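S.K.: Structure incoming, see below.
Bear in mind these aren't lab numbers, they're just calculated from the coordinates by the rules spelled out. Because the structure is predicted, anything quoted here is derived from the model rather than measured. Note that each Cβ is placed from the backbone with ideal geometry, even for glycine, and that neighbours are counted across all protein chains shown.
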Amino acid sequence: MFTILGRALPGQADCSGVSRRDFLTVGGMALGGISLTDVLRAETKGAGLGHKAIINIYLPGGPPHLDMWDPKPQAPREIRGEFDAIQTNVPGIEVSEMFPRMAQMMDKFVIVRSLADSDGGHDGYQCMTGRKRGGRVPPGGWPAGGAWVSKCQGPVNDAIPPHLALMYTTGNRTWGEPGDGGFLGVAHAPFNLLGRKARSTADSMVLQGVTLDKLKDRTSLMQSLDRFRRQADAKGVMESMDVYAQQAMGILTTSRLVDALDLSKEDPATVARYGKSVEEFQRDGAPPMIENFCIARRLVEAGARFVSLNYSRWDWHGPDGMNYPKCREECPLLDQGLAALISDLHERGLDRDVSVVVWGEFGRTPKINGNNSRDHWPQANTALLAGGGMRTGQVIGATNRYGENPTLRPVKFQEIFATLYKNAGIDAQNIRVFDQAGVPQYLVDQGNEPLHEVV
């Protein structure tokens, strides 16, 4: 849950007489009951976004690479597992039988099978920053990927913070952290739209002391907020307001963010393509809210430049031996959601504007353990890429015949971030920003270049 604080101007109050100290809590995805117009599709369909954007889909817990996108059909049973490999629409590329939709549109994906520098901890930090925990850290900390994009590219409009997150607060805390602004500052930190509830209602977005009826009266609310903004600008107050309060003012004086979060504004047939979300947290992980993939697409259409989300829980190697039952439950829904998202982007003409990355913190042991599951295995990991104008329909790198170690084209997390930055129009190798100690820092360490195979 994200809370935005504001301060009162002397002698002034908001539209219902409530002080500016009152707060706005942004915690929901579906804001039903608020009457808003649907401007997103009309503005973007067929015309491109007008800006570049990145959707970062994090699978907390360590997805099993051999059971998903790096199958080993010729390996012994204790390595290859229970699933067969299937052909895709790109000759020579196979994926697990759990991904039939993706297989039919493999020409729109890139599989990186040789992600080689996973940190090894149960932590989304590397998927959010590209950096390992415990390494060299500048004063203020490393910025998340979205913070760099926010700093380099700035906002598209006042209504949508450039760096957004759909990250649930999880029992394992590190699975729910979208990173922060690091030494770039709070102005570039992610504006997280979610919290501890799988789905929220309009009650989760309120001005304290203002009833829902008043919130629903958009005309009255907009007029009051516009008056306040004009007065604040005239007094030179806006620049000195807390950065989050400024974001709040931008958000409140337009319906753009609310529109993007409200799936009732989307064509029901489009939402149905993504699949049905499961509104239950998976133990200490996130809920499988597959509809958030559609929300992410709507957010970038509205003006977001970087959206991170955590999806479900992929840690299944305990004594209950849930690897294969959970794969059969989770993978088809992920397959449907990814196929819908990438199809959606292509159909809207956004496949060159929006880059998508899907990954977890590490891979899984090639050899199945005594619980019929796979344990932690940072030596080999996979990532999925799409969109961004990349040359898709290919596999980058390879692991050995048992999926133990990369044998061809080892790839680092920072190389994938460099690729995403390049897709977003950012020269990660040459742009530098001075940290709090006055030391110049780059978006990625020197030597980590965009994947030449795709850009």
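S.K.: Quick one: the Cα spread of region 264-313 along its three principal axes, in angstroms, biggest first?
M.R.: 32, 26, 14
S.K.: Below 12 angstrom from the Cβ of residue 94, what's the summed charge of the other residues (Lys, Arg +1; Asp, Glu -1)?
M.R.: Around residue 94, the charge tally is 0.
S.K.: Mind checking region 304-372 for GluC sites (Glu not before Pro) that DSSP puts in a loop (not H, G, I, E or B) and that have at most 16 other Cβ atoms within 10 Å?
M.R.: none
S.K.: Out of residues 5 or more away from residue 399 or on other chains, whose amide H comes under 5 Å of its own, with H placed 1.01 Å from N in the peptide plane?
M.R.: 407
S.K.: Here's something else I'd like to know. Step through the residues of region 179-196 one at a time and calculate ³J(HN,Hα) from phi using the Karplus curve (6.51 cos²θ - 1.76 cosθ + 1.60, θ = phi - 60°), rounding each to whole Hz and writing x for Gly and Pro.
M.R.: Taking θ as phi minus 60°, the curve returns x, 9, x, x, 6, 6, x, 5, 4, 10, 5, x, 8, 7, 9, 10, x, 9 Hz for region 179-196.
S.K.: For residue 389, what is the net charge nearby, where nearby means another residue's Cβ is under 15 Å from its Cβ and Lys, Arg count +1, Asp, Glu -1?
M.R.: Once positives and negatives cancel, what remains is +2.
S.K.: When the Cα centres of region 395-441 and region 114-166 are compared, how far apart do they sit, in Å?
M.R.: Each part reduced to its Cα centre gives a spacing of 12 Å.
S.K.: Between residue 133 and residue 347, how many nm apart are label points set 7 Å from Cα along the C-beta direction?
M.R.: For residue 133 paired with residue 347, the spin-label model returns 4.1 nm.
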